[in-house]
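The values are calculated or read from the model by the stated rules, or taken from the named source; none is laboratory data. Keep in mind that this is a model prediction, so the values were computed, not measured. Every residue, glycine as well, gets a Cβ built from its backbone with ideal geometry; the counts of neighbours run over all protein chains shown.
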Amino acid sequence: MPIKNVMEDFVEGNMKDVLHMYPECCRCHACRDDIMSIALNHLEPKYVSTEKGGVFAKLVALDPMEKVVIIQEIAKAVQIVAKSPRHPEEEKILPDSTDVKKKK
Ligand SMILES: [Zn+2]
C-alpha cells in the first residue's frame with residue numbers, strides 16, 4: 001500500500017501563489033525543491049495510505065487555519081532561498097514581466 005504525505009501536495013499547490021509575492025526569489029527546480037523541503041520540515045506531515053493518494057489529497061478539506069500555517073511556512077522558506085540560493089545570482093530564474101501579468 002503506497003503511503004503518501006498529502007502535505008507535499010498542499011505545499012506544492014500553494015507555492016506558486018506565495019512565489020508571486022516574492023518576484024526576487026529564483027524559481028528554478030533546485031530552488032523550488034529547497035523551498036518545498038524547508039517548508040515541509042516545519043510542517044506536520046499528513047500521511048494517507050491509499051492507492052488513490054493523489055486523488056485523496058485533493059479531497060482532504062484543508063482547514064483554513066492550517067492553510068494559513070502552510071502559507072506562512074512557505075513564505076519563510078521562500079525568504080531563506082531568495083536570500084541564499086544554492087547557485088550564483090546570475091543563474092537565478094526570475095519571472096519576466098509577461099509572466100507576472102499573466103497571474104495564474
Ligand atoms: Zn534557483
**Residue list for the range 15-27, filter: buried (at least 18 other Cβ atoms within 10 Å of the Cβ) and within 13 Å of the ligand (Cβ to nearest atom)** = LEU19, CYS25, CYS26, ARG27
**Message:** Restricting to the range 28-64, and then to whatever is modelled with pLDDT under 95 and basic (Lys, Arg), can you tell me which residue is farthest from the ligand (Cβ to nearest atom)?
**Reply:** LYS52
**Asked** Which of the residues that make up the range 1-41 are in a loop (DSSP other than H, G, I, E, B) and over 12 Å from the mean Cα position of the chain (by Cα)?
**Response** MET1, PRO2, MET21, TYR22, PRO23, GLU24, CYS25, CYS26, CYS28
**Asked** What pairs come up if the first residue lies in the range 28-51 and is more than 21 Å from VAL81 (Cβ to Cβ), the second is modelled with pLDDT of 95 or more and part of a loop (DSSP other than H, G, I, E, B), and their beta carbons are under 7 Å apart, counting only those six or more places apart or on different chains?
**Response** none
